[in-house]
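No lab work stands behind these numbers, since they all come straight from the coordinates. As the structure is a computational prediction, the values presented were derived from the model and not from experiment. Cβ placement follows ideal geometry from the backbone for every residue including glycine, while neighbour counts extend to all protein chains displayed.
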C-alpha cells in the first residue's frame, strides 16, 4: 500500500484499553495510514467514575492522558481533548438536583481548562444534549456550554462541542458573546451548513465536493472503542481509509488533504500537525 505524502488526522476518536480494543485499535489506525488523533475524553460513567465534585473529573482526564502516552508509544501522535460530556447531566440528575449537576459539570470543565493551561491538553470538550430534554435541562446545558466557551476564550484554546444535529447557529452567537473566535469552536458530528468549524464523519457524502471547493473542515470517526458496540460510530481505520479512497479516485487532491488533515487542525487547535 502506497504511503500518504501528508498527515491523516482523526479529529474525534476515543481509545479505551479497559473497555475496548485499546492499542490494537491504534495499530489499525496506523496501518491504514493514520498519523494523528484528537483523543477525546469518554463520559465518566463509561470508565466507572461517578463524580460528586468537579475535581473528580480529574481521574477521567488522567486516564485520557495515560492513553495518549500509550498511543504515542504506538507511533501515532495524540492530542488530548478534555472535558465533560453533555450527557453527564442526565446521569448526574438521577442522584442529585439539577442545580448541583450544573455546578458539578461547570467545575469539571474548569478543571479541564487547567490541564490545557498547563500544556497537558490542547482543547476542551463540552456541548449540550443531542436528544430531547426538559426545558430546564436545556437551559442548564446552555449555561454549561457558555461556561465552556468562556473558559476556552480565557485559556486561548479550541472547544469541541457535542450537541444536537443541525448548524447550531446560536452557538456562534454565544461564542462571540464569550469572546471566543467562532472558527475555534468545532462542531463534532457536524453538518456542512454550520458556521462553526465542522468535523465531518469520514463517510459524509459532502466531503468530496467540500474538499474540491476549498472548504475548511476536518474528518472524524467518532470511534467509541467499546467492546459492547464494536465499530461504533465507524471503525478506527475509517478516516485513513476514506481519505485514501478519495485521494486515489481524484476526489481529494494533495492540497485538499493537507488543508483537511494538517492546516485546519493546526490553526483551530494551535498545534503542529506534521509528518515525523
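Summary of computed values
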quantity: Degrees between helix 169-178 axis and first principal axis of the chain (Cα, 0 to 90, nearest 10); calculated: 70 degrees
quantity: Helix 135-155 vs. the chain, principal-axis angle (Cα, 0 to 90°, nearest 10); calculated: 60 degrees
quantity: Stretch gain in nm, segment residue 177-residue 91, where the contour uses 0.36 nm per residue and the Cα spacing is subtracted; calculated: 28.0 nm
quantity: Proxy reagent accessibility, fewest Cβ within 10 Å first, across 196, 145; calculated: 196, 145
quantity: Which of 200, 82 has the fewest Cβ neighbours within 10 Å, and the rest in rising order; calculated: 200, 82
quantity: Residue of 164, 135, 24 that the Gaussian network model of the chain assigns the largest fluctuation, springs spanning Cα pairs under 10 Å; calculated: 135
quantity: The chain: most fluctuating residue of 159, 39, 47 per GNM, C-alpha cutoff 10 Å; calculated: 47
quantity: Helix-only [θ]222 nm of the chain, DSSP H runs n ≥ 4, -39500 (n - 2.57) each, per residue, nearest 500; calculated: -12000 deg cm²/dmol
quantity: Folded to 0 to 90 degrees: helix 238-249 orientation relative to the chain principal axis, Cα; calculated: 30 degrees
quantity: Efficiency of FRET from Cβ geometry, residue 212 and residue 103, R₀ 51 Å, rounded to 0.05; calculated: 0.60
quantity: Burial ordering of 226, 16, fewest other beta-carbon atoms within 10 Å first; calculated: 226, 16
quantity: Most mobile listed residue (132, 198, 236) in the chain, GNM with C-alpha springs under 10 Å; calculated: 132
quantity: Rel. contact order, % - alpha carbon contacts under 8 angstrom, at least six apart, the chain; calculated: 22 percent
quantity: The range 185-237 - percent relative contact order, Cα under 8 Å, separation 6 or more; calculated: 25 percent
quantity: Largest-first principal axis extents of the Cα set of the range 9-269 (Å); calculated: 54, 38, 34
quantity: Estimated D of the range 60-171 in µm² per second, where Rh is the Kirkwood radius over Cα pairs and Stokes-Einstein applies at 10 °C, 1.306 mPa s; calculated: 109 µm²/s
quantity: Fully extended contour minus Cα-Cα distance, from residue 254 to residue 49, at 0.36 nm per residue; calculated: 69.5 nm
quantity: Relative contact order (%) - the range 153-254, alpha-carbon pairs under 8 angstrom, separation at least six; calculated: 19 percent
quantity: Relative frequency of Cα-Cα separations exceeding 14 Å in the range 116-155, percent; calculated: 52 percent
